[in-house]
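Here is the structure we will look at.
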Amino acid sequence: MKTIVSSIALLTVASNVLMAGGDFLEPVEPQVNIPEQEIVVIEDDVKYSGFYAGAGLNHMRMSEAVTSSGYGVTLVGGYYFNQYVGIEARYMRTLSDLDIDSSRPLVTTSDTLENVGLYVKPMYSITTGLALYGLAGYGQATYCNASGDYTDSGFQWGLGAKYELAGGLGLFIDYLDIYSDDNFDTLNVSDVQFSATTVGATYTF
C-alpha cells in the first residue's frame, strides 16, 4: 500500500512541477539563415551626349528627265545634347560615274551629285544603344553634268536607325529626301526626286 501511495504522490509532484514550470515545454523556433543576394549593377557604357563625327558609303539618286544614280561618300559631324535630340551637319558626294537610266540602254557618265545640309536630329530610344531618328533641316543640292552645274536649296528630311556600341562607336543607316519638287534650279522638269541612302559609322567623343 505504501508503494501505491508513494507512486501517486510522486506523480502528483511531477504534475505540479510540469504545470508550474511550463517554460520547459515551450517550442523553440528554428533559426533559418537566408543568404543575402549580391546585387550586380551593370554599367551602361553607351555615350548619349557629346560631339561626334563619322563617315559612310552612300547611294545617291536623282530623277528628272532621266534617272541618274551613283555611289559615293557621306561625312557627318554633330552634337548630341542627350539621348533624345542632337544636331548634325552632313556632306555627301558621288565618287563613281553615274548610271543614266532612260528609255535608251543604260549609259555611264562622269556627272556628279552633291549635297550639304544642317539638320535637327530627334531620336527615339528602343533599347540600350538602339534608337530610331529623324533628320529635318536645310540643305543645298548640286547636280553637275555636261550642260553645267545646277544647284537648288530648301527643306530636307530623313529617317534612320542607329546602334551605339560601348566606348563611343556607333553604326547607322538612313534615308535622306534631298529635293522633291518641280524645276530643280533652271531645269524645267516636273516632279524632280533627289535622295540618298547611307550606311556608316560614327564615334562619339
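Every number here is computed from the coordinates shown, using simple stated rules; none is lab data. Since we're looking at a predicted model, the values are computed, not measured. Virtual Cβ from ideal backbone geometry, glycine too; neighbours counted across all protein chains shown.
The table for this structure:
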item	result
Residues being among the small types (Gly, Ala, Ser) and in a loop (DSSP other than H, G, I, E, B) - total across segment 52-74	1
Restricting segment 94-133 to residues that are buried (at least 19 other Cβ atoms within 10 Å of the Cβ) and in contact with an Asp or Glu (Cβ under 7 Å, 6 or more places away or on another chain), the residue that is nearest to LEU57 (Cα to Cα)	LEU98
Selected residue (criterion: farthest from the chain's Cα centre (by Cα)) from residues of segment 128-169 that are part of a strand (DSSP E or B) and farther than 20 Å from GLU88 by Cβ	GLY148
Residues that are crowded, with 17+ Cβ neighbours inside 10 Å and within 23 Å of ASP97 (Cα to Cα), drawn from segment 151-186	ASP152, ASP174, LEU176, ILE178, TYR179, PHE184
Qualifying positions in segment 75-93 - over 22 Å from PHE184 (Cα atoms), part of a strand (DSSP E or B) and not charged (D, E, K, R)	LEU75, VAL76, GLY77, GLY78, TYR79, TYR80, VAL85, GLY86, ILE87, ALA89
Given (1) in a loop (DSSP other than H, G, I, E, B); (2) at positive phi; (3) not polar (S, T, N, Q), number of the condition LEU187 does not satisfy	(2)
Identity of the residue in segment 175-199, of a type in the set (A, V, I, L, M, F, W, C) and under 18 Å from GLY160 (Cβ atoms), that ends up nearest to the chain's Cα centre (by Cα)	VAL199
